[in-house]
1. Which of B:134, B:125, B:72 ends up with the largest GNM mean-square fluctuation for chain B, with Cα atoms connected below 10 Å?
2. Pick from A:209, A:151, A:33: which is most flexible by mean-square fluctuation in a GNM of chain A where alpha carbon atoms under 10 Å apart are linked?
3. Say R0 is 30 Å: what FRET efficiency, to the nearest 0.05, do residue A:279 and residue A:82 get from their beta-carbon distance?
4. Charges at C-beta only: +1 for Lys and Arg, -1 for Asp and Glu. How large is the resulting dipole of the stretch A:281-348 about its Cα centre, in Debye rounded to 20?
5. Which lysines have a Cα less than 16 Å from the Cα of residue B:73, not counting those fewer than 8 places away in the same chain?
6. By its C-alpha gyration tensor, with a ≥ b ≥ c as the square roots of the eigenvalues, how is the stretch A:193-292 shaped: rounded for a/c under 1.5, else prolate for a/b larger than b/c, else oblate?
7. Suppose R0 equals 22 Å. What FRET efficiency, 1/(1 + (r/R0)^6) with r the Cβ-Cβ distance, do residue A:246 and residue A:178 give to the nearest 0.05?
8. For helix B:100-113, what angle does its Cα long axis make with the longest principal axis of chain B, in degrees from 0 to 90 and rounded to 10?
Amino acid sequence: MKKIVSDDDVPFLSEEIIFNILKRLPAKSLIRFQCVCKHWKNLIESPSFVANHLHHSTHQSPCLLFEPYDSDAPSNLYLLDCEMQARQVPKHPLIDYLESGWVIGSSNGLLCVDISDDRASHPALLLCNPAIREVRPVPTTSGVITGYIGFGFSPIVNDYKIVRIYVNEMFGNVEVYSVKTGSWKGVEVGILDGLEITSCSFTANGDIFWFGFTLEEEEDEIGYIVGGNGHHVIISFDIAMEVFTLLPMPNLPPESHQNRLTTYENKLAMLSYRGIENSKSSLIDLWVMEGWSWTKKYTSNPYPCFLDPMTVWRNEIVCRISAGREMENDEPNTILLNLTTKEVTEFTVGRSHNAHCIFNYVESLVPVGGMKLFAMYV
Amino acid sequence: MSSPVEQITVVSSDGDEFKMTVAAAMQSEQLKQMLTDDSISIVKVPVENISTEILVKVIEYCQKHADHEAATKANGGGASDSEAEELNKWDAEFMKVDVEDKLFHILMAANYLEIKGLFDLACQTVADLIKGKTPKQIRKIFNLKNDFTPEEQERLSRQHNCSFD
């Protein structure tokens, strides 16, 4: 440990201490501080710092991202931080001409945005990090351009991947894009064969999930299909191994709706909404997967209207209100249900009438690999 | 075999002596190691890098946190939410120093003596302080030189849309 040695009054701080201070700063400050001196620039750009900063952000300041379904500013998202302050964030920084795009998912501060349109005049997918304003188009593949898309990170292979699935009763095609290699490749359909995907993707802990429906067909002696007994499943894609498996659903009561996957204490979890008979009130259940089975961990108090549970954030269940009618200007559109105290917090993000898709998000310095590739599309 | 120690004496770089209870001293990994090593019989521990002004603050932190730990144990386990919040409030008040310099000296003392809680607290306080500052202000605070060439500055400014001032 160095002694305090200085001509001025300001003491000299060791590398370790500077590191420890800087890792607590928001991305915006760190980008600015790259201009302080070369030493700080090298430190802030170093992979070990980026990883440490991400780890610190994930635990100390996890955020929420709100994507309005229809709004006056279709290319903007709202970011809600731990102090409950909301601010706007661009979906595709640095690219103004794009009219819209939908966020597929978020991992470690990166967003995968679907910007496909009928004209197909540009790549269908973008990767970006809004906190450091970096954008990278994903090259188009020769395969089918529609289908279900998932995005996620695997620490095992230290790579971000995009999965594109196109399945129906007769045909299945799966492709995976690796950010590391910068290319697409085909992947075995495997257990996905014959399944129907019934939701958007959700990513956690190195896996990408979808809800699916499997049709178990009954055949008679000659092989004609005489009946079917379908049931819902959870499809899991292991990002590292690039393999699909099926997970069971919990034993949901028949009146459960709006199932959505999330995580709770680092485990896969599911949120569902239950209407209460003869009333407009609803309950939210949280199920958690331990091993191969599900346990119901929590049920909210009744809330006097329909709630659409979106995700778990900082010991709260985040729900949006699905009022089924035009909302007044001062009505809340977002509800937090505390998992310990069951306390309810109501607030509005954006305009009251905006319905949002809500994601867990963390600001990071993770690089996407640069804007210069976009020069030809300007 | 040395008899159980109730207190230790620490000596600041100015030569002033201060008594610390063992519980308070154990907040410092460095002092803890000395205390748990039977082969050392401690009389006085000189802390060369730490002035009287700073040492007084550090001892105050250690004593408060040692007392809090003892009270928690007496209540049979985890601190209640309100007790934890009260300690946080105390910590926040504690870190309100009149001169920025003092903050850095406390930080370095906590690092030297390996007092994790105080170190993290001081780092967070500095981070909150510098969050909104300009690069020029940062250089002044940390006594750093701008060693970019004019071309490098130009490129960085454009890339990050920020100024060097």
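1. The residue that fluctuates most here is B:134.
2. It is A:33.
3. That gives a FRET efficiency of 0.30.
4. Rounded to the nearest 20 debye, it is 340 debye.
5. B:64
6. Numbers: a/c = 2.67, a/b = 1.20, b/c = 2.23.
The shape class here is oblate.
7. Taking R0 as 22 Å, the efficiency between residue A:246 and residue A:178 is 0.35.
8. Between the helix axis and the principal axis of chain B, the angle is about 50 degrees.
Here, each number is a calculation from the coordinates, and none is a lab measurement. Bear in mind the structure is a predicted one, so any value in this text is a computation, not a measurement. For neighbour counting, all protein chains shown are included, and Cβ atoms are generated from backbone atoms with ideal geometry for every residue, glycine included.
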